[in-house]
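Step one of this worksheet: look at the structure below.
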Amino acid sequence: EKGSRYRFVKLDVEGNKTACNAYLFDKENGKTIGHVSSTAWAPSAKTNVALGFVDMPYGEVGDTVWAEIYYQKELRWNKRWAKCKVMKDPAWNPPRKTLTPPADF
């Protein structure tokens, strides 16, 4: 029985540029291993969070991949490399979320 060739991953992207539609690369050999499908700024966690697909042998929780980000600033296109860490848990998971009974305000 064969599974999927791709793995859906949650990424914590360093820096302040969104990695929308960026390619993901392996940190050791520079091989293209996937792409980012969507990104968002998480204001509570103060980090960029991305969702993407990587080839199956890559993308274990805790792995580091690199994103090639292109962004426009003052009518010029700039390229930036950003380190992305594969996450298991949500970007922001406060302890009060599951606190029973709820705490007083």
* Do the conditions hold for VAL36, that is, is it within 18 Å of SER4 (Cβ to Cβ), touching a residue at least 12 places away in the same chain (Cβ under 8 Å), assigned to a strand (DSSP E or B) and among the hydrophobic types (A, V, I, L, M, F, W, C)? -> yes
* Give the residues of region 40-57 that are under 15 Å from ALA22 (Cβ atoms) and surrounded by 14 or more Cβ atoms within 10 Å (Cβ to Cβ), sorted by residue number. => ASN48, VAL49, ALA50, GLY52, PHE53, VAL54
* Out of curiosity, is ALA50 among the small types (Gly, Ala, Ser), within 15 Å of ALA91 (Cα to Cα) and modelled with pLDDT of 95 or more? -> yes
* **Matching residues, region 1-52, being in contact with an Asp or Glu (Cβ under 7 Å, 6 or more places away or on another chain) and of a type in the set (A, V, I, L, M)** => ALA22, ILE33, VAL49
* Of the residues that sit in region 14-47 and are of a type in the set (S, T, N, Q) and more than 16 Å from VAL86 (Cβ to Cβ), which one is modelled with the lowest pLDDT? -> SER44
* Asked: Take the residues of region 1-31 that are hydrophobic (A, V, I, L, M, F, W, C) and part of a loop (DSSP other than H, G, I, E, B): which is surrounded by the fewest Cβ atoms within 10 Å (Cβ to Cβ)?
  -> CYS20
* **Residue satisfying all of: in region 46-104; over 11 Å from the mean Cα position of the chain (by Cα) and hydroxyl-bearing (Ser, Thr, Tyr); farthest from ASN29 (Cα to Cα) among these** => THR100
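The values are calculated or read from the model by the stated rules, or taken from the named source; none is laboratory data. Source: prediction; values computed, not measured. So basically every Cβ, Gly included, is an ideal-geometry build from the backbone, and we count neighbours across all protein chains shown.
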